[in-house]
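> Input: one structure, supplied below.
The values are calculated or read from the model by the stated rules, or taken from the named source; none is laboratory data. Source: prediction; values computed, not measured. With ideal geometry, Cβ positions are generated from the backbone for all residues, glycine too; neighbour counts draw on all protein chains shown. SASA here: full protein model, heavy atoms, side chains in, ligands and nucleic acids out. Shrake-Rupley method; radii C 1.70, N 1.55, O 1.52, S 1.80 Å.
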Amino acid sequence: MALIAIAQNRRMSDYLESVRRAGGEPIEVAAGGELPQHLLARVDGIMLTGGGDIDPMLYGEPPHAECQAAEADRDAFETALTRAAIAANIPYFAICRGMQLLNVAMGGTLIQDIPSQVPGALEHSVPEPRAHVVHEVWIAKDSRLSALLADHMEDGETCHVNSRHHQSVARVAPGFDVTATSPDGVIEAMEKPGAAFCIGVQWHPENFWRTGEFRSLFEGFVQAANARKR
Ligand code: MN
């Protein structure tokens, strides 16, 4: 069974359940525990999770008034884990803050506060109910994401997603493609073409494990991790 390291946050149950239902064995990892290089020698996949804002100094910007205080240890641990996983082409799946961390770790930047920095933005911060759809996203044709969500899209390109974020990707990191946007232009997914599996999504697919709308994302990720397994 593929061993999946999941970056710890304050509310883990839906991430753990989603990975288990896709056939993976999750372990929680965090700063202060096993070092990234040791973890990567024994796990088959890496998953990054939701959480607070990333320190904007990591992408060379002063903090916006609405940017929350950063967790320096978590930022540093997840940045090291991400860079090492991508260098080694280990299957990697990043959700919400995880996608933002992926983008910053690989050289991109963030919008620090959508409501004050994106004119005409939709509402992207709807905390409850967690598995309630908030807005649509348009998935890029010919992307890995599009292939994984083939049975769940309308018109071959539209998905409805939940949304609990006030930041988003601004300039996408070199070597990555934007693979989903919402109708206001906010970036909602990215991936590294040619990788074993390297996808970030801005929404929270893990909240839908009861009804299974995004099960194919977790299954694709765990399959890639199994394929890599020694
Ligand atoms: Mn959104």
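> Would you mind calculating the gained length between THR211 and ARG11 on full extension (0.36 nm times residue separation, minus the Cα-Cα distance), in nm to one decimal?
The THR211-ARG11 span can extend by a further 70.1 nm.
> Under a point spin-label approximation (7 Å from Cα along Cα-to-Cβ), what is the LYS141-LYS229 distance to one decimal in nm?
3.7 nm
> Quick check: pseudo-label points 7 Å beyond the Cα along Cα→Cβ at GLU28 and ALA196, how many nm apart are they?
The modelled label-to-label distance comes out at 2.6 nm.
> Classify the stretch 103-186 as rounded, prolate or oblate, taking a ≥ b ≥ c as the square roots of the eigenvalues of its Cα gyration tensor: rounded when a/c is under 1.5, otherwise prolate if a/b is larger than b/c and oblate if not.
oblate
> Could you pull the Rg and Dmax for the stretch 3-229, using just the Cα atoms, both in Å?
Using the Cα atoms of the stretch 3-229, the pair Rg, Dmax is 16.0, 46 Å.
> Can you pull out the chymotrypsin sites (Phe, Trp or Tyr not before Pro) in the stretch 52-146 whose DSSP state is coil and whose Cβ has at most 11 other Cβ atoms within 10 Å?
Passing both the DSSP loop test and the Cβ count: no residue.
> How large is the dipole of the stretch 3-229 about the Cα centre if only Lys and Arg carry +1 and Asp and Glu carry -1, each at its Cβ, rounded to the nearest 20 debye?
With only Lys, Arg, Asp and Glu charged at Cβ, the dipole is about 680 debye.
> Using a 10 Å Cβ count of at most 14 others and DSSP loop calls, identify the longest part of the chain lacking such GluC sites (Glu not before Pro).
124-230
> Calculated FRET efficiency, SER116 and LEU35, Cβ-Cβ r, R0 25 Å, to nearest 0.05?
0.05
> Here's something else I'd like to know. Going from most exposed to least, what order do ARG210, ARG11 have by accessible area with a 1.4 Å probe?
Result of the area sort, largest leading: ARG210, ARG11.
> So how much slack lies between ARG171 and ALA76, counting 0.36 nm per residue of separation and subtracting their Cα-Cα distance, in nm?
Net length gain for the segment: 32.1 nm.
> Something else: Taking the Cα centre of each part, how many Å lie between the stretch 7-22 and the stretch 55-110?
If you average the Cα positions of each part, the centres end up 20 Å apart.
> Okay, moving on. Residue by residue through the stretch 99-105, which ³J(HN,Hα) values in whole Hz follow from phi under the Karplus form 6.51 cos²θ - 1.76 cosθ + 1.60 (θ = phi - 60°), with glycine and proline marked x?
5, 5, 4, 3, 4, 5, 4
> In the stretch 3-229, carbon and sulfur make up what percent of the accessible area (probe 1.4 Å)?
The nonpolar share, carbon plus sulfur, comes to 50 percent.
> In whole angstrom, and with the biggest value first, how far do the Cα coordinates of the stretch 66-143 range along each principal axis?
The principal-axis extents, from largest down, are 38, 37, 25 Å.
> Can you give the extra length, in nm with one decimal, that the chain gains between GLU154 and ALA88 once fully stretched, where that is 0.36 nm per residue apart less the Cα-Cα distance?
Stretched fully, the GLU154-ALA88 segment lengthens by 20.2 nm.
> How many Å² of accessible area per residue for the stretch 3-229, probe 1.4 Å?
With all protein chains present, the stretch 3-229 gives 42 Å² per residue.
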